[in-house]
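Computed from the coordinates by the stated procedures, all read-outs in this text should not be read as laboratory data. Computed from a predicted structure; not experimentally measured. As a convention, Cβ positions derive from the backbone with ideal geometry for all residues, glycine included, and neighbour counts pool all protein chains shown.
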Amino acid sequence: MSNETKIIQLANSKKGFISITTINEPYGKGTDTVTSIAISLNGADIEWKVHIPMANLDEVIASLQDIKK
């Protein structure tokens, strides 16, 4: 599992971005890895963040693909 951070330019924003990465042991030793998705509107401050447990990731991706249809 990679901890590489992916940065996506936020649509309809001059400086905003979406940051996606994995965080190992986010809540202390022995806690499960999560995918962290953060959004910055101004290119500096994180306004929103969500942690998705890896066990839920496939279902979340499928749901997002369904919404896109």
Restricting the range 2-31 to residues that are under 13 Å from the mean Cα position of the chain (by Cα) and of a type in the set (Val, Ile, Thr), the residue that is surrounded by the most Cβ atoms within 10 Å (Cβ to Cβ): THR22
Where a residue in the range 38-62 is without any contact (Cβ under 8 Å) to a residue 40 or more places away in the chain and under 19 Å from ALA11 (Cβ atoms) and its partner, wherever it lies, is among the aromatic types (Phe, Trp, Tyr) and exposed (fewer than 12 other Cβ atoms within 10 Å of the Cβ), with Cβ under 8 Å and at least six apart: ALA38/TRP48; ILE39/TRP48
Output for the range 32-69, where each listed residue is among the basic types (Lys, Arg) and either touching a Cys at 6+ places or on another chain (Cβ under 9 Å) or surrounded by 10 or more Cβ atoms within 10 Å (Cβ to Cβ) (or both): LYS49
